[in-house]
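Enquirer: The structure that follows is given in the form of structure tokens.
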Amino acid sequence: METKEKTPKVKKDTWEIKDRYYHLLNEASPLTFRINSRHSMRKPLMYFDEEKGYNRELRYATNMKSPFVDEQNGPVTLGHIVFEDGVLMVPKSEIALQKMLSLYHPNKNLLYSEKDDVQEAVDDLDYLETEIDALNAAKTMDIDQAEAILRVEAGSSVSKMSSKELKRDLLLFARSNPSLFLELANDENVELRNFGIKAVEANILGLSQDQRTFTWASNGRKLMNVPFDENPYSALAAWFKTDEGVEVYKSIEKKFK
């Protein structure tokens, strides 16, 4: 019985033909910035081809269809790769350069990255959803928790704010930094830290000048020592959760009432 040879499958080229934009990382925007466009001993420009199993030399030639030297034949016209004001636009007609920058250049994601409209849309959507969650949480948050969160940003000045000012600044904070806001809103120690600060401001508790010891302000009796290299109010918040600390917390709470 005669067997038919299977026709090898041809890989479909999924490269999308379109204009592409590249930008320097870290929001850098020098007037001009040039990256390596051809291999040399002083500035290597190679791509390891896993299918072929060896490094291939790269070179940007404006008159060639491939960025690989081993696929370029005849005289070449060398081109430069220059970012202007931190951005480089490569038109859809220059596919070789686009592939060199998008697929093969070793400096991609080190010096520059390609603008990805789909990923940017996903990131924008994620940010907007986080912002909505933060604003909704801020809108329904009680004053005590609002004060605790804002104290992280504004310090002791929140003690002088009216309830309207607190709610306003809370919403502004939620809008400007929604991720941090939600992180603080879900951190129970934020309220405990605020409680401790208020107790010191109200002269119920005392904190030594070296910020290493909490005492009862009324009689100077020591309550706790702050561990070395730790924020005193963070340490106090953790201590409030201990058996001894819970009793002190309840006692201070009664004084506030």
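The values are calculated or read from the model by the stated rules, or taken from the named source; none is laboratory data. Quick caveat, the model's predicted, so the values are computed rather than measured. Positions of Cβ are backbone-derived with ideal geometry, glycine not excepted, and every protein chain shown enters the neighbour counts. These accessible areas exclude ligands, DNA and RNA; they are computed on the full protein's heavy atoms, side chains included. Shrake-Rupley method; radii C 1.70, N 1.55, O 1.52, S 1.80 Å.
Enquirer: Compute the distribution of all C-alpha to C-alpha distances in the range 130-257, in bins of 5 Å from 0, and list the percent of pairs in each, rounded to whole numbers.
Expert: Going from the shortest bin to the longest, the percentages are 2, 11, 20, 21, 17, 13, 10, 5, 1, 0.
Enquirer: Taking the Cα centre of each part, how many Å lie between the range 140-170 and the range 85-118?
Expert: That distance is 46 Å.
Enquirer: Keeping every protein chain present and rolling a 1.4 Å probe, give me the accessible area per residue for the range 48-182 in Å².
Expert: 59 Å²
Enquirer: Please report Rg (one decimal) and Dmax (integer) in Å for the Cα set of the range 71-152.
Expert: In Å, with Rg to one decimal and Dmax whole: 22.9, 76.
Enquirer: For the range 215-228, just list the computed ³J(HN,Hα) in residue order, Karplus coefficients 6.51, -1.76 and 1.60, θ = phi - 60°, integers in Hz, with x standing in for Gly and Pro.
Expert: 3J(HN,Hα) across the range 215-228, in whole Hz: 9, 6, 5, 5, 10, x, 5, 5, 9, 7, 9, 7, x, 4.
Enquirer: Over 24 Å between C-alpha atoms is what I'm after, so list which of Lys52/Lys115; Lys160/Lys254; Lys160/Lys241; Lys164/Lys241; Lys160/Lys255; Lys222/Lys255 land there.
Expert: Lys52/Lys115; Lys160/Lys241; Lys164/Lys241
Enquirer: Roughly how tilted is helix 163-176, in degrees to the nearest 10 and between 0 and 90, from the longest Cα axis of the chain?
Expert: With rounding to tens, the tilt is 20 degrees.
Enquirer: Roughly how many debye, to the nearest 20, is the charge dipole of the chain about its Cα centre, given +1 on each Lys and Arg Cβ, -1 on each Asp and Glu Cβ, and no other charges? List each step's numbers first, then the result.
Expert: Details: 36 positive and 43 negative charges, 90 e Å.
Using only the charged Cβ atoms, the result is roughly 440 debye.
Enquirer: Once the Cα atoms of helix 143-154 and of the chain are each reduced to a long axis, what angle between those two axes, in degrees from 0 to 90 to the nearest 10, is obtained?
Expert: Roughly 60 degrees between the two axes.
Enquirer: Determine the dipole magnitude for the range 119-257: charges of +1 sit on the beta-carbon of Lys and Arg, -1 on that of Asp and Glu, nothing else is charged, the reference point is the Cα centre, and the result goes in debye to the nearest 20.
Expert: In total the dipole reaches around 1160 debye.
Enquirer: Given 0.36 nm per residue, what is the gain on full extension from Ser176 to Asp126 after removing their alpha carbon distance, in nm?
Expert: Gain on extension, Ser176 to Asp126, equals 16.5 nm.
Enquirer: For the chain, what is the relative contact order in percent, using Cα pairs closer than 8 Å and at least 6 residues apart in sequence?
Expert: 13 percent.
Enquirer: In addition: Computed from the mean reciprocal separation of all distinct C-alpha pairs, what Kirkwood hydrodynamic radius does the chain have, in Å? Before the final figure, lay out each step's value.
Expert: Details: mean 1/r = 0.0410 Å⁻¹.
Its Kirkwood hydrodynamic radius stands at 24.4 Å.
Enquirer: On full extension of the chain, what length is gained from Lys115 through Val87, given 0.36 nm per residue of separation minus the C-alpha to C-alpha distance?
Expert: Stretched fully, the Lys115-Val87 segment lengthens by 9.1 nm.
Enquirer: Where does helix 117-139 land angle-wise versus the long Cα axis of the chain, in degrees 0 to 90, nearest 10?
Expert: It works out to around 10 degrees.
Enquirer: Right, another one. For the pair Asp19 and Glu188, what calculated FRET efficiency results from E = 1/(1 + (r/R0)^6), where r is the Cβ-Cβ distance and R0 = 45 Å, to the nearest 0.05?
Expert: Values: r = 50 Å, r/R0 = 1.12.
The pair Glu188/Asp19 has a calculated efficiency of 0.35.
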